[in-house]
Amino acid sequence: MARSPVSSARRAPVARRDPDRPSSLRLWIKRRRGLLRPAALWAIGFGLLGVAGYAVYAADPAGRVRAVVENAAELGLAAGLEVTEVLVEGRENAPLDLIRSAIGVERGDPMLGFSPGEARERLQSIAWIASAHVERRLPGTILVRLEERAPFAIWQHQGRFAVIDRNGLVVETETLDAFGPLPLVVGAGAEKHAAALYDLLQAHRNILARTQALVRIGERRWNLRLHSGTDVLLPEGHEAPALNRLAELHARNALLDRPLVAVDMRLPDRLVVRQQPVAEQPAPPARRNATRSTRG
């Protein structure tokens, strides 16, 4: 049987690697060894944390969450994750001491021991705060964004005064004069419905400028108490047309500048005006009858 011809071409010599020369992979590992060591420590640490968490779960179900959180906090603190800065944005009127207490963290505390969700719930329990956003920004920043309720009016009820927002929520009962001039609303239910009437008065600046207080009557209708002492009785549920009519009367006759006790607008087809009583003038002295004496 014929043999296969053997190629006369020589094979290319195989390059022999110098055993003393490190490969590219070994170089890559060597250069990044400084980064791989912390990463490996983190992986090992969280792995041990998972094992510890499972063991706690099996041994003590009631306290498993607390123990796992504490272990995470200790691990993060050991790795250098501690609170270095707490940033609060959006605060204007909310007391700073209440905000600090609600956040519940200080510099040097472990980052992983801080719960943004619990801090948010505590912040939103403060009367001034409508909503709060809390987040951790590694390695050491706690960011808090607040949306506060705006002071709208001062509510007088049963001899007490409080600052309320447009929805009628009480936000302040102490420093009432710290928010500039605010409308005064009086009576039960006034805090919940005053914003709608105040918005109507915004279109009638002449009336608003003369109004001292919005007074809720029987929790169903309004009186306007003017600075002059005049009461304007508005109809229930028909405040807008009544204010339009009142503005026309004032423009023609300067009605609101007259010395009146009340302007009753509760009836749609008539206007009842009560004037202040004229001060009684002192009666003139009685004349004495002169008598003549006659002598007989």
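The values are calculated or read from the model by the stated rules, or taken from the named source; none is laboratory data. In this text, all values refer to a predicted model and were calculated from it rather than measured experimentally. Glycine gets a Cβ as well: all are built from the backbone with ideal geometry, and neighbour counts include every protein chain shown.
Before moving on, here are some points about what is shown:
- The set of residues in the stretch 224-253 being under 15 Å from residue 266 (Cβ atoms) and small (Gly, Ala, Ser) consists of 237, 240, 242.
- Check on residue 196, under 29 Å from residue 218 (Cα atoms) and outside the structural domain of residue 243 (by TED's automatic domain parsing): no
- Looking only at residues of the stretch 189-223 that are in contact with a helix residue (DSSP H, G or I) (Cβ under 7 Å, 6 or more places away or on another chain) and farther than 24 Å from residue 169 by Cβ, we find that the one that is surrounded by the fewest Cβ atoms within 10 Å (Cβ to Cβ) is 206.
- Within the stretch 165-185, residues that are among the small types (Gly, Ala, Ser) sit with their Cβ atoms under 7 Å from residues that are assigned to a helix (DSSP H, G or I), at 6+ positions apart or across chains, in these pairs: 168/191; 168/192.
- Residue within the stretch 129-140 that is farther than 21 Å from residue 90 by Cα, assigned to a strand (DSSP E or B) and either in contact with a strand residue (DSSP E or B) (Cβ under 7 Å, 6 or more places away or on another chain) or of a type in the set (Val, Ile, Thr) (or both) present: no
- In this structure, residue 134 does not satisfy being closer than 17 Å to residue 212 by Cα, surrounded by 13 or more Cβ atoms within 10 Å (Cβ to Cβ), free of Cβ contacts under 8 Å to residues at least 40 places away in the same chain and in contact with a Leu (Cβ under 8 Å, 6 or more places away or on another chain).
- The set of residues in the stretch 188-222 being within 19 Å of residue 247 (Cβ to Cβ) and assigned to a loop (DSSP other than H, G, I, E, B) consists of 202, 203, 204, 210.
- Scanning the stretch 143-161 for residues that are buried (at least 20 other Cβ atoms within 10 Å of the Cβ) and over 20 Å from residue 113 (Cα atoms) returns 146, 149, 151, 152, 153, 154, 155.
- Residues within the stretch 227-248 that are in a helix (DSSP H, G or I), hydrophobic (A, V, I, L, M, F, W, C) and buried (at least 16 other Cβ atoms within 10 Å of the Cβ), tallied: 4
- Failed item, numbered, when residue 140 is tested on (1) surrounded by 13 or more Cβ atoms within 10 Å (Cβ to Cβ); (2) within 25 Å of residue 226 (Cα to Cα): (2)
- Taking the stretch 81-128 as the range and being of a type in the set (D, E, K, R), within 28 Å of residue 175 (Cα to Cα) and either in the same structural domain as residue 169 (by TED's automatic domain parsing) or not in a helix (DSSP H, G or I) (or both) as the test, the residues that pass are 89, 91, 92.
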